[in-house]
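Visitor: One structure is given below, represented as structure tokens, and several questions about it will come after.
The values are calculated or read from the model by the stated rules, or taken from the named source; none is laboratory data. Note that this is a predicted model, so its numbers are computed, not measured. These accessible areas exclude ligands, DNA and RNA; they are computed on the full protein's heavy atoms, side chains included. Shrake-Rupley method; radii C 1.70, N 1.55, O 1.52, S 1.80 Å.
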Amino acid sequence: MSTTNAESGMRDWTDKATRERLEKDVAAVKSDIAALTDQITDALNTFANSTGRQARRGYRQARENMDTAIDDMSERGSAMMEAAQDAYGSIEETLEDAIRQRPLATVGLALGIGFLIGAAWRR
């Protein structure tokens, strides 16, 4: 019977040592998981902040580009309008000069154009 008690005592001691070792291992794994979770959270926060900054920078740059393009188109539109007004003024002056220099030819030309328009209109 003494061997049975000795074996039982040994088993209890082994089970206790194994349980303590397993508890330490589980605690170490929990600690490692917590540390890994913190690292992942930090990495995701850094990535999110970086992505947000890049998105804001891209938005600002796109807005500046759009403003520049609108300003450029506005300037071009104004220049084209001025050129059209100058051309209209030049054509008007040329016509006035032609009418003053050759009034009979101008009347004849107007009659001829009117006749052609009338003939084309009838068809």
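Visitor: For helix 103-122, report the angle its Cα long axis makes with the longest principal axis of the Cα atoms of the chain; keep it between 0 and 90° and round to the nearest 10°.
Guide: It works out to around 60 degrees.
Visitor: Express in nm, to one decimal, how much length is gained between residue 71 and residue 122 on full extension, taking 0.36 nm for each residue of separation and deducting their alpha carbon distance. Don't skip to the answer; put the middle values down first.
Guide: On the way: separation 51, 0.36 × 51 = 18.36 nm, distance 4.97 nm.
Computed gain between residue 71 and residue 122 is 13.4 nm.
Visitor: Now for a different question. Which of rounded, prolate or oblate describes the chain when judged by the alpha-carbon gyration tensor and an a/c cut-off of 1.5? Don't skip to the answer; put the middle values down first.
Guide: Numbers: a/c = 25.25, a/b = 5.39, b/c = 4.69.
Prolate is the answer for the chain, as a/c is 1.5 or above and a/b outweighs b/c.
Visitor: What's the angle, to the nearest 10 degrees (0 to 90), between helix 2-101's Cα axis and the longest principal axis of the chain?
Guide: Roughly 10 degrees between the two axes.
Visitor: Summarise the accessible area of the chain (1.4 Å probe, protein heavy atoms) by the percent that is carbon and sulfur.
Guide: Numbers: 6850 of 11420 Å².
Carbon and sulfur together cover 60 percent of it.
Visitor: Full-extension gain between residue 46 and residue 34, please, as 0.36 nm times their residue separation minus the C-alpha to C-alpha distance. Don't skip to the end; give the middle numbers.
Guide: Details: separation 12, 0.36 × 12 = 4.32 nm, distance 1.83 nm.
Gain in length upon complete extension: 2.5 nm.
Visitor: With every protein chain kept in place and ligands, DNA and RNA left out, what is the accessible area per residue of the range 10-86? Probe 1.4 Å, answer in Å². Walk me through the intermediate numbers first.
Guide: Working: 7060 Å² over 77 residues.
With the other protein chains kept in place, the range 10-86 gives 92 Å² per residue.
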